[in-house]
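Colleague: This is the structure, below, for whatever I ask next.
The values are calculated or read from the model by the stated rules, or taken from the named source; none is laboratory data. Note that the structure is a prediction, hence the values are computed from the model and not measured. Counting neighbours? That spans all protein chains shown, and the Cβs are built from the backbone with ideal geometry, glycine included. Surface accessibility is based on the protein's heavy atoms, side chains included, excluding ligands, DNA and RNA. Shrake-Rupley method; radii C 1.70, N 1.55, O 1.52, S 1.80 Å.
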Amino acid sequence: MPPMTDDRTRPSFWRSLAELEGESEFREREKSEFSREFEEAGDGQPDRRRFLQVMGASLALGGATTACRWEKEEVLPLSSRPEGIVPGEPRFYSTSMELDGIGTGLRVTAVDGRPIKVEGNPLHPESLGAASIYQQASVLELYDPDRSTDIVRRQTGASGANWGDFDNWLRGAIGPFRSRRGHGMAVLAEPSSSPTATRLRRQLLSSMPEIRWVDWAPNNRDHEIAGAVRAFGAPMRQLCLYDEAAVVLALDVDPMNPARPGALAAARALTRGRQPDQTQTMNRIYSVESCFSMMGALADHRLALRSGDIAALAALLDARLSARIGARADLGPPQVEPELDLLRTERCSRFVDSLVTDLLNARGRAVVVTGPRQPPQVHSLVHRLNYLLGNVGRTVWYLAEPDGSAAGPGQVSALTGLVDAMRRGGVEFLCILGGNPVLDAPADLDFGAALQKVPNSLHLASYEDETSQKTTWHLPRAHFLEAWGDTTAWDGTVSLAQPLIEPLYGGRSIIELLSILIDGQAKGGRQLVRETHGQLPDPVFRKALHDGVMAGTAWPRLIPSLRPLGKLNLAEGAASSDTLELVLAVDSNVYDGRFANNGWLVELPDPMTKVTWENVVCIAPNTAARLGIADGGRVHLTANGHSVTVTAVHAPGQAERSVKLALGWGRTAAGRIGGATRLGVPAAGTNAYVLTSARQGLVIPEASLRATGERTLLATTQDLHAIDQYGREATNARLGMIVREATLGQWLSHPDFAKTAVHHAPLLQMWQPPVSYEGHRWGMSIDLGKCIGCNACMVACQAENNVPVVGKEQVARGREMHWLRVDRYYKGTPDQPEAAFQPVPCQQCENAPCEQVCPVGATSHSHEGLNDMAYNRCIGTRYCSNNCPYKVRRFNYFNFHLDLEKPENQVKKMVYNPDVTVRSRGVMEKCTFCVQRIERVKIQAKNVRRPIAEGEIVTACQQTCPTGAIVFGDLSSQQSQVSKLQALDRSYALLEELNTRPRVQYLARIRNPKPEST
Amino acid sequence: MTPLVFPRWTNKLRVLAGVLLGVAPLYVIVLVWYGASPKTTDVGYMPKQPVPYSHALHAGELGIDCRYCHTTVERAAFAALPPTEICMNCHKSVRTESRNLLLVRESAATGEAIRWVKVHDLPDYVYFNHSAHVTRGVGCVSCHGRIDQMPEVYQVKPLSMSWCLECHRAPERNLRPPSEVTNMTWKAPEDAVVYGRRLRQRYAINPPTDCSTCHR
């Protein structure tokens, strides 16, 4: 861990939101943190009464008048309660969320008229019941006090304009454009595959054909679509059936990253092939990438290669495979084997040999896939490889892109054209629907400056962000949980989206704004969506709304004919051997920056680096040593003529001579968490968009790095390096006991390796356990072979249990409050590591060290095996946390909810789960196995005198996990899934040698690298 | 250094001081123990409600069952206060001009809620579930007392944790057949504890005393 310095040039940290919002207030509160309570004891009204009462002659003087009671509580029943609504009980509604044009079906829990928790929709093909970090955190965004609440009209400087004013203005302003068929008007929109938005767009463009419509997203699919057009003559998208694949090759892509479409389904399918318990077989995953991703961690073989060099590797593969498979005239000539030294290293040769052999053995049962970072030619080549291997029609299918959305030269091109037109004065009215182009358009276009030349512009956005500060109108946008809509999944399945709450600030959705643009009528979202699906009779529509999916809307799977490809241009995009490549990628947590103000996501550790609250540039340790860059050192990173100062991190597994930096940070108009110049809040992280350019993609072949000599304190939840050499050795020696894994061959020859990995004395006990488990016995099994490290469980737990966000400085002190953490362990050497993930919740030990030391009995063991926590009894000695060997107990060092006292922050209260106590300062908390869910089901079952069914109780982490790695259930039944999993030979308990008898057991991870002998 | 010398008259106070020093802590402890216990502070709490609704009239004289208004008590954790439309079921034709019912009529007309004051208020960290009790045979009167005789509702039982635990540890004293839950005057046909034990066995009533039963 980098040493703490009092480096004054580092960004200023803050302890809590309270500190951010009122520096002086916080300082005052800080000073009187404890003395205030004592002061109140003397002067406060209730205590005077208490004093009187105590001194009162009669002990029965309590009661009505002088009773020392807490504040009176009011109950406000609805005046008219809709049928079926039960106050305080949750209701579940299906809806869906779209991210850059791909929708995922969700099921959202609403209590008393407000949504509080998002889950996946088991009926939706993208979700299959799981939800990613973006979907879980979306509910916090709904209640963000920094969301824009008003329409802002910049010309007149007036706020307090309402929609009526805007509608009137618009009718006047759009008139001239209507008569000119839209000439001079432009629309810049987030990509959307919503059927309603598509229908309205067509309607708008048919009435005003000369409107320039541009879709723009920084995480766009330009390369993929261009590659498909090159290969098939028409835009196509690839549908990969990973669960039927024996070999998977991922070229610079992580299909499980939540930024990718279909990530949840891909994760499930990929890990389904990695359960050897029944069949003793597993799939084999090869990953070639520049930066360590979750796919790289899951892979059995990983090669770290610069993104720009992967094209050469793909050409090599094509040459080798074609040589063995033979000529295929219908697919055109193969690539010539490139003559490159980097492909001749021993490591690379072994990797390629192994890969080629496996792919040849798995013809028709393999998947080759690549991602948005790779140039179009690599995409085309990957399509060819799939055809060559006979995968198409078996494990790989193609779907035709829907009309209109993917036609044309690509989003970057279209955006460049738009900006040129804006600069020329050719755009008089620009409508920006969602997105944030001033932030994320390629920097060399200088969208902000071009925007100044547009006399009238409007931005429909959830926040008054960087773009809204430059447009003439800012219109508050309805959150997807507040609006009607519909979405299309990757495979074409249509899902309706319904609001769970009226727009809190009267915002409108994109489709509602489009409706006004079309004909000036402010039609509601519901009507617009119903009209899109007008051919469906009402009962069918209602069923689709209830289920969250429209049956039978998936697109047909196709096998298009492949065009012959020309020779790959290997110079394109490849850096020369002595320059540094820079890879820019949307951040795994804040995406393209739209979630930069979402506390849950900003404080969520990055899956690989475990850094929170900022983005860091990942450098391979060898490269860093050569450039003299320390771990945690500040560096100047220069690319495309611009330079940023950012913290560097030694990232094991990063390709040499390639560095990676995430986009989406360093915002100036995000809010109190992400950064807002207007509020005096420093930006979290560094804005990497300034390094982008329209000419190049997000892989920049030539960049440079220079150490500034300064270091900074990183808020990581897991140290990258041990304290010292001795510590590192001791840690590494232990890791094999904590994360137990073996290859397939090792497991087959020693099936119980996991149980015998640690030699220890027989685990005896001197006394009889005080609790006998006659009823339910709750337990959990976590399959390390399925955990991909996506952290969705962490956000789900945070949402379900009202876990607070603590701020960067507290995280740096190790005081993050996540009840469930996902540890990431590296194995091997720093330049060729493997990685493993391990989710660690409270282990609910039967022989709990924490229960034995609590001086006040705040934590006790229930008769069902749970380690209960009574917050009101805790006095904060922290002895329990001290004694816990797993360090899963989290302490509230501060009252992290003090900011709720401010009136503008009251809206944040709406996100809390009413079934879970909101903890104040001085109280210990920890994972409870979602005891509120357990009790709810138990009570419901007992009320009607029925037994609890298997799978009826799901913890929050279990429900959201895309791979099903976490299984909770009743150990008292032999038939329950958790019992069966804990009975497997590869099941082991963490630190069992300490005789804690945890109820959580882990399934050792089995890898499937190619055996040495073959 | 001069020795610490008290004035002579303090000698007389030595004994008194000694007694006070011994007795005062005991006195304070006893006062707090009894004075600050929920039996003192909560029992008898009778807040003023916005509408002078009389349970004695409606539940007592008119005999309306508890569940007519508190409709969710058998299904949910909260025994929800009735929405205004339930009041209006009768009061759209009964006493339509009454001044006491002005707020009720306003609420029905405007959709604004009536701001009732909660009488039986547990701390926020306690999660009590009505349905678990009502469906098992704990009568309304066991915790809420003779509501049907109260013109204004007041709290009869302390609702403290020890009071809840007393019943959880020996529920047979407070059990009745589930069909008699809203019967305010029900008496066990025989000795209440013996009858309760039989009910307990019949309905397999085993109230948990784990912390997580109420504290989540």
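Colleague: Which residue is most open to solvent (accessible area, probe 1.4 Å), if the candidates are limited to region B:65-78 and must be farther than 11 Å from A:Pro77 by Cβ and facing chain A (nearest Cβ under 10 Å)?
Modeller: Top of the filtered list is B:Arg75.
Colleague: Quick one: which of A:Leu580, A:Leu562 is open to solvent by less than 50 Å² (accessible area, probe 1.4 Å) and within 23 Å of A:Cys291 (Cβ to Cβ)?
Modeller: When all the criteria are applied, what remains is A:Leu580.
Colleague: Quick one: how many residues across region A:120-131 are open to solvent by 10 Å² or more (accessible area, probe 1.4 Å) and touching a residue at least 24 places away in the same chain (Cβ under 8 Å)?
Modeller: Within region A:120-131, residues that are open to solvent by 10 Å² or more (accessible area, probe 1.4 Å) and touching a residue at least 24 places away in the same chain (Cβ under 8 Å) number 5.
Colleague: Let me ask something additional. Is it the case, given these coordinates, that A:Asp538 is at pLDDT 95 or above and open to solvent by 60 Å² or more (accessible area, probe 1.4 Å)?
Modeller: Answer is yes for this residue.
Colleague: Tell me which residues, restricted to region A:62-81, are modelled with pLDDT under 50 and open to solvent by 80 Å² or more (accessible area, probe 1.4 Å).
Modeller: A:Thr65
Colleague: At pLDDT below 95 and closer than 24 Å to A:Gln844 by Cβ: which single residue out of A:Ala796, A:Ala792, A:Ala757, A:Ala812 fits that description?
Modeller: A:Ala757
Colleague: Now a separate question. Those residues that are of a type in the set (A, V, I, L, M) and either at pLDDT below 95 or assigned to a loop (DSSP other than H, G, I, E, B) (or both), I need them from region A:815-834; list them, please.
Modeller: Result: A:Met817, A:Leu820.
Colleague: So which residues in region B:52-78 are of a type in the set (A, V, I, L, M) and part of a loop (DSSP other than H, G, I, E, B)?
Modeller: Answer for region B:52-78, where residues must be of a type in the set (A, V, I, L, M) and part of a loop (DSSP other than H, G, I, E, B): B:Leu62, B:Ile64, B:Val73, B:Ala76, B:Ala77.
Colleague: I'd like to check which helices (runs of 4 or more DSSP H) are fully inside region A:718-808 and have at least 3 residues that are in contact (Cβ under 8 Å) with a residue 40 or more places away in the chain, within 28 Å of A:Cys957 (Cα to Cα) and open to solvent by less than 20 Å² (accessible area, probe 1.4 Å).
Modeller: Where helices (runs of 4 or more DSSP H) fall fully within region A:718-808 and carry at least 3 residues being in contact (Cβ under 8 Å) with a residue 40 or more places away in the chain, within 28 Å of A:Cys957 (Cα to Cα) and open to solvent by less than 20 Å² (accessible area, probe 1.4 Å), they are A:792-800.
Colleague: OK, next. Have a look at A:Ser192, A:Ser206 and point out the one that is closer than 25 Å to A:His474 by Cα and of a type in the set (Ser, Thr, Tyr).
Modeller: Criteria check complete, one pass: A:Ser192.
Colleague: Quick one: which of B:Ser54, B:Ser37 is over 30 Å from B:Pro82 (Cα atoms) and touching a residue at least 40 places away in the same chain (Cβ under 8 Å)?
Modeller: Unique residue meeting the criteria: B:Ser37.
Colleague: State all residues of region A:435-460 that are assigned to a helix (DSSP H, G or I) and either closer than 13 Å to A:Gly507 by Cβ or open to solvent by 20 Å² or more (accessible area, probe 1.4 Å) (or both); if no residue qualifies, say none.
Modeller: Those that are assigned to a helix (DSSP H, G or I) and either closer than 13 Å to A:Gly507 by Cβ or open to solvent by 20 Å² or more (accessible area, probe 1.4 Å) (or both): A:Val438, A:Ala443, A:Asp444, A:Ala449, A:Gln452.
Colleague: Follow-up question, since we're still on this one. Show me the helices (runs of 4 or more DSSP H) found entirely inside region A:159-245 where at least 3 residues are more than 30 Å from A:Ala266 (Cα to Cα).
Modeller: A:163-179, A:195-207
Colleague: Continuing with this model, one more query. What about A:Ala173, is it in contact with a Gly (Cβ under 7 Å, 6 or more places away or on another chain) and either touching a residue at least 60 places away in the same chain (Cβ under 8 Å) or more than 25 Å from A:Gly103 (Cα to Cα) (or both)?
Modeller: Answer is no for this residue.
Colleague: Would you please name the residue that is least open to solvent (accessible area, probe 1.4 Å), looking only at residues in region B:79-105 that are more than 14 Å from chain A (Cβ to nearest Cβ) and assigned to a helix (DSSP H, G or I)?
Modeller: B:Cys90
Colleague: Ok, one more. Considering only region A:688-712, how many residues are buried (at least 22 other Cβ atoms within 10 Å of the Cβ) and out of contact with any strand residue (DSSP E or B) (no Cβ under 7 Å at 6 or more places or on another chain)?
Modeller: Matching residues across region A:688-712 total 1.
Colleague: How many of the residues in region A:461-473 are open to solvent by less than 10 Å² (accessible area, probe 1.4 Å) and closer than 22 Å to A:Pro176 by Cα?
Modeller: Within region A:461-473, residues that are open to solvent by less than 10 Å² (accessible area, probe 1.4 Å) and closer than 22 Å to A:Pro176 by Cα number 2.
Colleague: Moving on. Of everything in region A:541-559 that's open to solvent by 70 Å² or more (accessible area, probe 1.4 Å) and hydrophobic (A, V, I, L, M, F, W, C), which residue is modelled with the lowest pLDDT?
Modeller: Out of the qualifying residues, it is A:Ala551.
Colleague: Going through region A:848-873 one residue at a time, which ones are touching a residue at least 12 places away in the same chain (Cβ under 8 Å), part of a strand (DSSP E or B) and at the interface with chain B (Cβ under 7 Å from one of its Cβ atoms)?
Modeller: Listed by number, the list holds a single entry, A:Asp868.
Colleague: What about A:Gly876, is it in contact (Cβ under 8 Å) with a residue 12 or more places away in the chain, open to solvent by less than 10 Å² (accessible area, probe 1.4 Å) and not β-branched (Val, Ile, Thr)?
Modeller: no
Colleague: In the list A:Arg821, A:Arg813, which residue meets the criterion of being open to solvent by 20 Å² or more (accessible area, probe 1.4 Å), assigned by TED's automatic domain parsing to the domain that holds A:Ile934 and under 16 Å from the mean Cα position of the chain (by Cα)?
Modeller: A:Arg821
Colleague: Can you confirm whether A:Cys854 is touching a Cys at 6+ places or on another chain (Cβ under 7 Å), farther than 30 Å from A:Ser290 by Cβ and open to solvent by less than 20 Å² (accessible area, probe 1.4 Å)?
Modeller: no
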